[in-house]
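What follows is one structure encoded as structure tokens, with my remarks underneath.
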Amino acid sequence: MITKENLKNPIFCIVAMNENRIIGDGKNLLWNLPGDLKRLKKITMGSPLIMGRKTWDSIGRPLPGRANIVLTNSVSWNAAGAIVVNSFGDAIFKADEWIDLNMETKQNITQKKIFLFGGAEIYKIGLEYCDNIEMTKVKSDIKTGIKFPKLNESDWEKTKLEHHLATNDSPEYSYWHYKRIL
Ligand SMILES: NC(=O)c1ccc[n+]([C@@H]2O[C@H](COP(=O)([O-])OP(=O)(O)OC[C@H]3O[C@@H](n4cnc5c(N)ncnc54)[C@H](OP(=O)(O)O)[C@@H]3O)[C@@H](O)[C@H]2O)c1
């Protein structure tokens, strides 16, 4: 059984959401934030990502320099560049295995962190194992869509890292680090 105490490598959650906790429409993201995507790449490079099959479909290709571990209930689904798993426990096992292999062969710059990459179904399963969230808060009044699980606000210490004003192409957004305190 997985517990936070017996994790070999820490799991960090990474997410972009609006004030209504909307993360996407089920197929895609709902905003265009090139700066946020660059930051996501920098933060996750050299690490395993755990994502749901729908998030994989929305990206449509493996993200390079990272293990793309995809959760599905299907025993026959596969895609080039995806490490397919049927349970969250197996996802963690594969992520640990990938980190060990890459540390040995030094093929990727591995930072010994696993990323909970979304979408909502995968956040729902994995958040309890995360003590850290890299959160992008996007100013957008979209009310319907796929939602990030509701956090118990008092369990988290929140630090605002950076703020970006709206431009002609992008809404206002900010980067936050959430650290679990309970
Ligand atoms: N803003 C962000 O930071 C962010 C990040 C990631 C994704 N997103 C958005 O989120 C949306 C997708 O999220 P979503 O919640 O609809 O889907 P999802 O979490 O990406 O994927 C759901 C799928 O994962 C598989 N799955 C879930 N639980 C499982 C389990 N316990 N065991 C095995 N497989 C399991 C199932 O695949 P099968 O159906 O194949 O069985 C399920 O249909 C998209 O709009 C995407 O753009 C946003």
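Each residue in the range 6-25 was checked for being open to solvent by 80 Å² or more (accessible area, probe 1.4 Å) and near the ligand (Cβ under 6 Å from one of its atoms), and 1 of them qualify. The conditions of being at pLDDT 95 or above, closer than 21 Å to residue 14 by Cβ and in contact with a Lys or Arg (Cβ under 7 Å, 6 or more places away or on another chain) are not met by residue 92.
Identify all residues within the range 100-131 that are of a type in the set (A, V, I, L, M, F, W, C) and modelled with pLDDT of 95 or more; write none if there are none. So that I can check it myself, show each step before the final result.
From the range 100-131, those of a type in the set (A, V, I, L, M, F, W, C) are 101, 103, 109, 114-117, 120, 122, 125, 127, 130; that's our starting set.
114, 115, 116, 117, 120, 122, 125, 127, 130, listed by residue number.
Quick one: how many residues across the range 79-90 are under 23 Å from residue 42 (Cβ atoms) and either near the ligand (Cβ under 10 Å from one of its atoms) or surrounded by 14 or more Cβ atoms within 10 Å (Cβ to Cβ) (or both)?
To start, the set of residues in the range 79-90 that are under 23 Å from residue 42 (Cβ atoms) comprises 81-83.
If we keep only those that are either near the ligand (Cβ under 10 Å from one of its atoms) or surrounded by 14 or more Cβ atoms within 10 Å (Cβ to Cβ) (or both) too, we end up with 82-83.
Adding up the residues that qualify gives 2.
Conditions tested, residue by residue: (1) under 19 Å from residue 22 (Cα atoms); (2) at pLDDT 95 or above.
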position: 146; (1), (2): yes, yes
position: 153; (1), (2): yes, no
position: 159; (1), (2): no, yes
position: 172; (1), (2): yes, yes
position: 177; (1), (2): yes, yes
position: 181; (1), (2): no, yes
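Residue-level check: of (1) more than 15 Å from the ligand (Cβ to nearest atom); (2) part of a loop (DSSP other than H, G, I, E, B); (3) of a type outside the set (A, V, I, L, M), residue 76 misses just (1).
Matching residues to (1) touching a Gly at 6+ places or on another chain (Cβ under 9 Å); (2) open to solvent by 50 Å² or more (accessible area, probe 1.4 Å); (3) more than 21 Å from residue 96 (Cα to Cα):
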site: 4; (1), (2), (3): no, yes, no
site: 27; (1), (2), (3): no, yes, yes
site: 33; (1), (2), (3): no, no, yes
site: 39; (1), (2), (3): no, no, yes
site: 45; (1), (2), (3): yes, yes, no
site: 51; (1), (2), (3): yes, no, no
site: 63; (1), (2), (3): yes, no, no
site: 70; (1), (2), (3): yes, no, no
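A single entry from 159, 136, 144, 167 fulfils the requirement of being of a type in the set (Val, Ile, Thr), surrounded by 15 or more Cβ atoms within 10 Å (Cβ to Cβ) and either more than 18 Å from the chain's Cα centre (by Cα) or over 23 Å from residue 7 (Cβ atoms) (or both): 136.
Being assigned to a loop (DSSP other than H, G, I, E, B) and surrounded by 19 or more Cβ atoms within 10 Å (Cβ to Cβ) is true of residue 108.
The values are calculated or read from the model by the stated rules, or taken from the named source; none is laboratory data. Source: prediction; values computed, not measured. Cβ sites come from the backbone with ideal geometry, for glycine too, and all protein chains shown count toward neighbours. Ligands, DNA and RNA are stripped out before the accessible areas are found, and what is left, the full protein with its side chains, is counted by its heavy atoms. Shrake-Rupley method; radii C 1.70, N 1.55, O 1.52, S 1.80 Å.
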